[in-house]
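Encoded as structure tokens, the structure appears first; notes follow it.
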Amino acid sequence: MSDLPEYYFRVRENGAAVFRIDTENRQRRIEMDQIAVVNIRNGEVRPQGDRELSDEDIRVIKDWVDERRAILAEREVDDIRRAIDHLNLTTQWAQSRATDDQLEAITDALLLTMHDLRSVLVRKKADRIMKDHQQRGE
């Protein structure tokens, strides 16, 4: 049981509940003592009850938050890449298999969604180009 980590993070919607793991008790049972709750969005760490967190507790929690944010950012980009694949599959479906009734059911919503996305992407690209030109002094 000594291979268990010293801390366990129970992922929640906006962060995690943080537990310290203890196997050094008389019964050799795994005990999980909740020490804090962490908010991934704003980095807030709230100690559980009247507990004071040690420097080590805070360091481990901060490291977890940094790692978790990186994982979520990777997942977000992966989700967008999957959306691109799905749009391509949707195009193929619309061209080759969709019935008139199916197309009628989704066309307006899909066109509005794609128009909105295109507008945002074009504006953001123009902003990046302008910023790049300004940084180069052009």
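The values are calculated or read from the model by the stated rules, or taken from the named source; none is laboratory data. As the structure is a prediction and not an experimental result, all values here were calculated from the model. In this analysis, Cβ positions are derived from the backbone assuming ideal geometry, glycine residues included, and neighbour counts consider all displayed protein chains.
Observations on the structure shown:
- Test: residue in the range 47-54 that is in a helix (DSSP H, G or I) and either under 30 Å from F9 (Cβ atoms) or more than 24 Å from the chain's Cα centre (by Cα) (or both): no
- Of everything listed in (1) modelled with pLDDT of 95 or more; (2) assigned by TED's automatic domain parsing to the domain that holds V11; (3) more than 17 Å from R10 (Cα to Cα); (4) small (G, A, S), the single unmet condition for A109 is (2).
- In this entry, A73 is excluded by the filter for residues that are farther than 26 Å from P5 by Cβ, assigned by TED's automatic domain parsing to the domain that holds N39, surrounded by 10 or more Cβ atoms within 10 Å (Cβ to Cβ) and within 24 Å of the chain's Cα centre (by Cα).
- Counting the residues of the range 1-46 that are within 16 Å of the chain's Cα centre (by Cα) and among the aliphatic types (A, V, I, L, M) gives 4.
- Residue match in the range 76-91 (condition: aliphatic (A, V, I, L, M), modelled with pLDDT of 95 or more and either touching a helix residue (DSSP H, G or I) at 6+ places or on another chain (Cβ under 9 Å) or assigned by TED's automatic domain parsing to the domain that holds E104 (or both)): yes
- Single condition L72 does not satisfy, out of (1) touching a Lys or Arg at 6+ places or on another chain (Cβ under 7 Å); (2) more than 12 Å from A17 (Cα to Cα): (1)
- A search for C-beta distances below 6 Å between a residue of the range 96-111 that is surrounded by 12 or more Cβ atoms within 10 Å (Cβ to Cβ) and any residue that is assigned to a helix (DSSP H, G or I), counting only pairs 6+ apart in sequence or on different chains, returns nothing.
- Applying the condition of being at pLDDT 95 or above and hydrophobic (A, V, I, L, M, F, W, C) to the range 14-35 and asking which residue is surrounded by the fewest Cβ atoms within 10 Å (Cβ to Cβ) yields A17.
- Unique match (being in a strand (DSSP E or B), among the β-branched types (V, I, T), assigned by TED's automatic domain parsing to the domain that holds L72 and surrounded by 12 or more Cβ atoms within 10 Å (Cβ to Cβ)) among V11, V38: V38
- Reported count of residues in the range 117-137, each being within 18 Å of I80 (Cβ to Cβ) and either β-branched (V, I, T) or touching a Phe, Trp or Tyr at 6+ places or on another chain (Cβ under 6 Å) (or both), is 2.
- Residues that are part of a strand (DSSP E or B) and among the β-branched types (V, I, T) within the range 14-35 comprise V18, I21, I35, listed in sequence order.
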